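J.: Just passing along the structure, written as structure tokens.
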Amino acid sequence: MKITIIHGQSHQGSTCHIARSLARKLGGEITEFFLPRDFGEFCVGCTACFAVSETKCPHYAKLSPITQALDDADVIILASPVYVYHATGAMKAFLDHYGWRWMVHRPEPKMFSKQAVCISTAAGAGMKSTNRDMADSMFFWGIAKTYRYGVAVMETSWKRVSRKKRYKIDRQLSMLAWQIRKDYGRAKPSLKTKLFFHAMRLMQKCGWNQADTDYWKTQGWSGKKRPW
């Protein structure tokens, strides 16, 4: 199993520890990236990725190693601490660069067989909205199955998290790892994803954006072929 973790911060706090713990429980090869250390560029809104090609993005080369790791992964883990009830700015800036991969444009076929986990922690609240920030992209990328795990650690440092809280987190992560391993190699897109894909297919047949229309035809999705 190959696991790629995208950390929404460069420090190794509670969120980082939990993401790594889950990855270790899953087993296999782990690849990690820390934002903004490994990628900290903002989308400039040039729309070249939509209108022409993702290779025209001014940050394409710098982002390529992360894109390759995402494509190679069986499980993608997005981990972000709660910053004012949402994901970190670094995580948002990172996900902004993949708008071209949404199903409305040019989704990567490999995504439709992957699993993902969105992890967030806070001293208090905000995990639900933070996980939603990340899970939105997972859905629109076409990820087959996405889990959300949020926990209030009641501390600003992992070292100060109580033993009782750590034990509870460990048990929950073990159960989550079991669920992911159970579906390893068998994950299929939900009915919601398939219906949305079908709606996007009908839109692409209208040819509203040539780069996208050509891509869908090349994949065979304008006909009977599907990515799952």
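The values are calculated or read from the model by the stated rules, or taken from the named source; none is laboratory data. Since this is a predicted model, take the numbers as computed values, not measurements. Here the Cβ positions follow ideal geometry from the backbone for every residue, glycine too, while neighbour counts run over all protein chains shown. The accessibility values were calculated without ligands, DNA or RNA, using every heavy atom of the protein model including side chains. Shrake-Rupley method; radii C 1.70, N 1.55, O 1.52, S 1.80 Å.
J.: Out of the range 113-131, which residues are in a helix (DSSP H, G or I), open to solvent by 10 Å² or more (accessible area, probe 1.4 Å) and touching a strand residue (DSSP E or B) at 6+ places or on another chain (Cβ under 8 Å)?
T.: Met127, Lys128, Ser129
J.: For the range 211-227, enumerate the residues that are among the charged types (D, E, K, R) and more than 22 Å from the chain's Cα centre (by Cα).
T.: Of everything in the range 211-227, those that are among the charged types (D, E, K, R) and more than 22 Å from the chain's Cα centre (by Cα) turn out to be Asp214, Lys217, Lys224, Lys225.
J.: For Leu63, which of the numbered conditions (1) more than 22 Å from Tyr215 (Cα to Cα); (2) open to solvent by less than 20 Å² (accessible area, probe 1.4 Å) fails to hold?
T.: Exception for Leu63: condition (1).
J.: Right, another one. Within the set of pairs 6+ apart or on separate chains, which have a first residue in the range 115-127 that is farther than 20 Å from Ala73 by Cβ, a second that is surrounded by fewer than 20 Cβ atoms within 10 Å (Cβ to Cβ) and of a type in the set (Ser, Thr, Tyr), and C-beta atoms under 7 Å apart?
T.: Short answer, once both residue conditions are applied: Ala123/Thr156; Gly126/Tyr85.
J.: Give just the number: which of (1) in contact (Cβ under 8 Å) with a residue 24 or more places away in the chain; (2) part of a loop (DSSP other than H, G, I, E, B) does Cys46 not satisfy?
T.: The number of the failed condition is (1).
J.: What do you reckon, is Ser14 buried (at least 18 other Cβ atoms within 10 Å of the Cβ), modelled with pLDDT of 95 or more and at negative phi?
T.: It is true that Ser14 is buried (at least 18 other Cβ atoms within 10 Å of the Cβ), modelled with pLDDT of 95 or more and at negative phi.
J.: Filter the range 185-228 down to residues that are assigned to a loop (DSSP other than H, G, I, E, B), open to solvent by less than 30 Å² (accessible area, probe 1.4 Å) and farther than 19 Å from Tyr147 by Cβ and give me whichever is modelled with the lowest pLDDT.
T.: It comes out as Asn209.
J.: One residue is enough: does the range 47-62 have a residue meeting the conditions among the aliphatic types (A, V, I, L, M) and within 20 Å of Ser120 (Cβ to Cβ)?
T.: no
J.: For the range 25-41, name all the residues that are open to solvent by 50 Å² or more (accessible area, probe 1.4 Å) and over 13 Å from Ile5 (Cα atoms).
T.: Lys25, Pro36, Arg37, Glu41, listed by residue number.
J.: Any residue in the range 173-198 that is under 17 Å from Ile18 (Cα atoms) sitting within a Cβ distance under 9 Å of a residue that is β-branched (Val, Ile, Thr) and in a helix (DSSP H, G or I)? List the pairs, counting only those 6 or more apart or interchain.
T.: Once the first residue is under 17 Å from Ile18 (Cα atoms) and sits in the range 173-198, its partners that are β-branched (Val, Ile, Thr) and in a helix (DSSP H, G or I) give Leu173/Ile18.
J.: Consider the range 138-151. How many of its residues are open to solvent by less than 10 Å² (accessible area, probe 1.4 Å), assigned to a helix (DSSP H, G or I) and not aliphatic (A, V, I, L, M)?
T.: 1
J.: Of everything in the range 55-82, what is under 19 Å from Ala116 (Cα atoms) and assigned to a helix (DSSP H, G or I)? Give them in sequence order.
T.: Pro65, Ile66, Thr67, Gln68, Ala69, Leu70, Asp71, Asp72
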